[in-house]
Structures are given as C-alpha cells and as structure tokens.
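One structure below.
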Amino acid sequence: MYPAWLVPVLGSGLIIAIIATFHILPSHLATGSFWFNVWLERKAYKENRPELLQFLKKYVLLILIFCFVYGSITGVWIWFSATVSSPRAISSLIHNYVWGWATEWVFFIIEIVAIYVYYYTFGKIDGQHHLRVGWTYAWGAWISMVIITGILAFMLTPGKWLETGKFFDGFFNPTYWPQLFTRTALMFSVAGIYAIIVASRLDNPDLKVEITRKAALWGIGGLIFGAIFAYWYILKLPPEAKNLVFGGELPYLKTLLKVAVIMGAVVGVYYVVFGLIAPHLSNPVVGIIVAIILFLGIGAGEGFREGVRRPYIINYFMYGSSQVIARSIPPKGVEEEVSKLNENGYLSVLYYLPEQLRTITENNKLEVGRILVVHQCAACHTLEPNGLLRPLPKLLSGMEKDDIRDLLDSLGDYAYMPPFIGTDEEKDAAAAYLATLAK
Ligand code: HEC
C-alpha cells in the first residue's frame, strides 16, 4: 500500500470530481468542434464563400486557447489528483492499459500539432490541403476519445477481463459502445453551443443567423442522439449499479441523473429558441450561461458514472479507499487480498509506518485507528464535522464505541461501502478513533 492522501474538509474524492468536471468542457469541445469546422470549411470552398473562413479562424483561435491551455492543464491535474488519491487503482490501470494510454497520447500529439498547423496556415496554403489538416485534427481528437473511453468504461464494467485478464476483453466491455456513442453525440452539442457563442459576436447579421441555425441543428442532433445512447448506457449498467440508483440505495445518484436530463432539456430549448426561431437574438451572455448549464449537466452525468461503481474503484476487482484487491485474476497472477489482510492485518502492508505504530498498544490505539480510518474511509468521507463529503462526525453522531464497532463489522453489507478490512484488534482501534469523531 502507498501512503494515503488526506484532504481536510473537501475530501480527496471531491477534489478529483471538481477538477474532472472542469476538464469536461474543453475535452469534449476539443473532440467535437472540428467536425463542425471541416464541414463548414468544405462548404466555404465549394460555394466560394470567404466570409465563412473568417468565422472559422476566430472559432479555431478560441479552441486553441481554451482547450489547449485550460484543457491540457486540467487533464494533467486529473492525473496528479487521481494518482495521489488512489495510487494502487491507477497502478492497476497502468499495468493493464499502458499501451492504451501510449496510443491515446500519440493521437493527442497528432491533435496538438494539427491544430497549430491548421491555425497558422489559414489562408497561406491551398484550401484542399488546409482542409486535410482539419480532418487530421478531427479524426485524431476523436480517436483519442475512442481510446480513453475504453479505460473509463473498464472501471465500471471490466467484463470478461475479470476471467481472462486480456487487454481487449476489458477494453471492449459492456458499457464501452453506449458510452462512446453518448460522448460522441454530446460532443456535437458542445460544439454547437460554442459555435453559436462565437457566431453571436460576428458583425455580419446574415452570417450570424446562418451559422447559428446550422450550429443549433448540430446541437439538437447531438442532444437527441445523446439521450438515446445514454438510455442504452443505463440499460447496460450492471445489476448492482441499477440497484444503487433505482433500488433507492443511493438517492443522490438518481438526483444526478435528473439534473443531467433537466439541464439537457434546457439546452435543447435554447437551441430551438435562440438557434432556430430567433437566431438574430442570440448573444454571447446567454450563450455562455447555456454553456455553463450544459457543463453542469455533463458534470452530473460524469458524477453518476463515477458513483455507480461503489463500493469499488475498479468494479468487482478493487475496493474504493482501502484499494484492497477483492478478487483473484488467475491469468494475471493477481490474488485476492481480503482474507490475507483480515488475518495479518491492514497494518502489515502499510510499509511506510514507523516501527512504533506497527503494533497496536493502549498508547497508540487512537493514532493507529486514525491511520486505518484515513486509509479505509477518507476517500469517501471527510473527518471534520464541517466536511463537505459525507462527514463522518455527522453520520456517526450519537453513536458509542460499541455501536461503531458493530457498524464496522457490517460495513460490507451496505450496497455502497466496502467491508472494513483488518484484524479484530484493528477494528477496535478504528472504532475507538471513530468514537472520538462521534463526540
Ligand atoms: C467507497 C466509498 C465509501 C467508503 C470507502 C466508505 N463509505 Fe461510508 N458511505 C458511503 C456512501 C456513498 C454513504 C451514503 C451516504 C449518503 O447517503 O449520502 C456512506 C454512508 C456511511 C454512513 C451512514 C450510514 C448509512 O446509513 O448510510 C456511515 C456511518 C459510514 N458511511 C461510515 C463509514 C466508515 C466508518 C467507513 C470506513 C471504515 C466508510 N464509511 C467507508 C461511501 C463509503
């Protein structure tokens, strides 16, 4: 085990969620926007309309700045925060998918080079060649999504990988296609809003109306198909996940789903009103507000996707927070660890602990208890009464040490929490520390 990352008040889970939410908009814009671009650029050459090219140049510069500064930085932050928060889970993913990520990064580099070439050769090279650079970007960006979606979906539905341990058995898993299709559809919707915002700043009113209408159609198409594919995704969820959401185990997941649907509907109304019915009324302020609504909707959807695999961080394979391997994967030579750790103690694998904390005594009991709680609860719960992420002092308030001890015994019976892992002595120490929080 690696040391744990304890984030006061916010909780490490919330930090990742916040960063990831801010990554969504630039990442989906980066993959979706250029399809609109090449489509419009082709039209510009075919119908000989240089004014469309002027719009495109504006459109690309903003993508370049927004996606490739803001998007890249938040992408790196996701890596940092996820790695320190769940180092073992990231390690498992890397051990399985290092070539997946290597491939993704090749396409990512293609994407970056292509957008710079595209922007700086605007009007300087022949149109057909320029268009080819645009296509290179569009495909490169989308293929990077094709790859990363496999790894994201693997965490919820590892599929046949659980038996075979094979790369593609985990990659093409039961939620892969629905998730890829949902993201692909929604990226057009993100691109649509963005195009409308840029178009609303154009001086030429006819051009503004024309582009706004077209972008709204792209956006509406993206939303409709996004909704259909998202429904398919929900049908494909594993039974335990459906139970968490629809069986009433974790009501907030259903709320997230509702938020996503409502936000999607609001964006749809915007496309119809400001895109199709009265495009001349569209303005940057309304556009940005609607982009934020879309962003909250997608954020809620991603929160849902991350939430439904509880109590695991990699479904059926590794528990959240404690990061203990729950199941053997014989072809990989990976062994289940729960029984061994219940016998030898969770402390036995905390290599970083100093000698005086490796055996529990009356003097160090609370301190060791705290370390165990930080490892096994703190990725999902904060330890301060005013903590934002399901604060344990509130959830445990009024409970005595013995009740807490019983709770730890039955923790694994909750559909959304992993069992407490360790010896009876360790459970005692954790209960003793938790009792101080309850007070
Ligand atoms: C993988 C995430 C996860 C881990 C790890 C986890 N919990 Fe929870 N816990 C939850 C969720 C989700 C809830 C539901 C809270 C809610 O309803 O908002 C919850 C609820 C609770 C509750 C309230 C009981 C109830 O009826 O819902 C208690 C008490 C609790 N957890 C204690 C703990 C303790 C102690 C640990 C560590 C030994 C722990 N949890 C580890 C996710 C987790």
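Annotations
- Qualifying residue in segment 319-339 (condition: farther than 30 Å from LEU156 by Cβ and among the polar types (S, T, N, Q)): no
- Within segment 360-388, residues that are basic (Lys, Arg) reach partners that are within 12 Å of the ligand (Cβ to nearest atom) with beta carbons closer than 7 Å, at six or more positions or on different chains, in the pairs LYS365/ALA429; ARG370/TYR433.
- Residue match in segment 266-286 (condition: outside any helix (DSSP H, G or I), in contact (Cβ under 8 Å) with a residue 60 or more places away in the chain and among the aliphatic types (A, V, I, L, M)): no
- Selection status of LEU237, buried (at least 18 other Cβ atoms within 10 Å of the Cβ), of a type in the set (A, V, I, L, M), touching a helix residue (DSSP H, G or I) at 6+ places or on another chain (Cβ under 7 Å) and within 30 Å of ALA102 (Cβ to Cβ): no
- All helices (runs of 4 or more DSSP H) inside segment 1-87 with 3 or more residues being among the polar types (S, T, N, Q): 12-46, 72-85
- Whether a residue is away from the ligand (no atom under 16 Å from the Cβ) and among the small types (Gly, Ala, Ser) was assessed, and GLY275 passes this test.
- The number of residues in segment 95-146 being part of a helix (DSSP H, G or I), over 15 Å from ALA30 (Cα atoms) and touching a residue at least 24 places away in the same chain (Cβ under 8 Å) comes to 10.
- Among (1) closer than 30 Å to ILE325 by Cα; (2) modelled with pLDDT of 95 or more; (3) under 19 Å from the mean Cα position of the chain (by Cα) - the single one TRP142 does not satisfy: (1)
- Qualifying residue in segment 309-320 (condition: part of a loop (DSSP other than H, G, I, E, B), basic (Lys, Arg) and in contact (Cβ under 8 Å) with a residue 12 or more places away in the chain): yes
- Of the residues making up segment 240-270, those that are within 15 Å of LEU186 (Cα to Cα), surrounded by 15 or more Cβ atoms within 10 Å (Cβ to Cβ) and either among the small types (Gly, Ala, Ser) or at pLDDT below 95 (or both) number 3.
- Extreme residue, farthest from THR255 (Cα to Cα), among residues of segment 307-355 that are within 16 Å of the ligand (Cβ to nearest atom) and among the hydroxyl-bearing types (Ser, Thr, Tyr): TYR346
- TYR346 being in contact with a Phe, Trp or Tyr (Cβ under 8 Å, 6 or more places away or on another chain) and of a type in the set (Ser, Thr, Tyr): no
- Test: TRP5 is over 29 Å from VAL338 (Cα atoms) and of a type outside the set (D, E, K, R): no
- Residue-level check: of (1) free of Cβ contacts under 8 Å to residues at least 24 places away in the same chain; (2) over 28 Å from GLY301 (Cα atoms); (3) in a loop (DSSP other than H, G, I, E, B), GLY159 misses just (2).
- LEU372 being among the aliphatic types (A, V, I, L, M), within 15 Å of the ligand (Cβ to nearest atom) and either at pLDDT below 95 or in contact with a Cys (Cβ under 7 Å, 6 or more places away or on another chain) (or both): no
- Residue in segment 364-377 that is assigned to a loop (DSSP other than H, G, I, E, B) and closer than 14 Å to SER321 by Cβ present: yes
The values are calculated or read from the model by the stated rules, or taken from the named source; none is laboratory data. It should be emphasised that the depicted structure is a prediction, and the values quoted were computed from it without experimental measurement. For neighbour counting, all protein chains shown are included, and Cβ atoms are generated from backbone atoms with ideal geometry for every residue, glycine included.
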